[in-house]
Amino acid sequence: MWDQQLESQVADLQARVTDLEAQLNTALGILGLIRPAATVLSGCGADEGQQHALYRLIDDMESRVVAGSSVSYADFAERVADLVPARRGDRRFVELLIEALKLERPASKPMLDYLTHAMALFRA
């Protein structure tokens, strides 16, 4: 009797988790469509050309990782500062930009996670 009740509760929880995962994936897909990274950049005055340059930067860094090369937070932050000079040295801005890119470009998330972890070392 107890086992059946427990199995039923576990099955119910598994179904609810599956439903929540589907809802989360849908929400993340919608967030990706609104281009959160472009929104962050435009909020500090970046034009469309600068926004496209950021996406090229992410593509470049991602291709370097795929090819077996390394990427660094310092390189990323410097290249972002070249795109948005007014935010040079603003770690919170870079962190916000990375988090926005994680939503927008899920395929780049492992590389962006690495940058996030590297960024934490700069804070310590």
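The values are calculated or read from the model by the stated rules, or taken from the named source; none is laboratory data. Just so you know, these numbers come straight off a predicted model, no measurement behind them. Neighbour counts run over all protein chains shown; Cβ positions are idealised from the backbone, glycine included.
A search for C-beta distances below 7 Å between a residue of segment 96-111 that is in contact (Cβ under 8 Å) with a residue 60 or more places away in the chain and farther than 17 Å from SER63 by Cα and any residue that is β-branched (Val, Ile, Thr) and buried (at least 16 other Cβ atoms within 10 Å of the Cβ), counting only pairs 6+ apart in sequence or on different chains, returns LEU97/VAL40; LEU97/VAL80; ALA100/VAL40.
Listed here are the residues, each with its yes/no results for (1) surrounded by 15 or more Cβ atoms within 10 Å (Cβ to Cβ); (2) modelled with pLDDT of 90 or more; (3) outside the structural domain of LEU54 (by TED's automatic domain parsing).
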{"site": "ARG88", "(1), (2), (3)": "no, yes, no"}
{"site": "VAL94", "(1), (2), (3)": "yes, yes, no"}
{"site": "ALA100", "(1), (2), (3)": "yes, yes, no"}
{"site": "PRO110", "(1), (2), (3)": "no, no, no"}
{"site": "THR116", "(1), (2), (3)": "yes, no, no"}
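If the condition is being of a type outside the set (Gly, Ala, Ser) and either in a loop (DSSP other than H, G, I, E, B) or over 14 Å from the mean Cα position of the chain (by Cα) (or both), then segment 76-91 contributes GLU78, ARG79, VAL80, ASP82, LEU83, VAL84, PRO85, ARG87, ARG88, ASP90, ARG91. Screening the candidates ARG16, ARG64 for the property of being outside the structural domain of GLU104 (by TED's automatic domain parsing) and among the basic types (Lys, Arg) yields one hit, ARG16. May I ask you to verify whether GLN4 is exposed (fewer than 10 other Cβ atoms within 10 Å of the Cβ) and either polar (S, T, N, Q) or touching a residue at least 24 places away in the same chain (Cβ under 8 Å) (or both)? Yes; evaluated as a whole, the condition is true for this residue.
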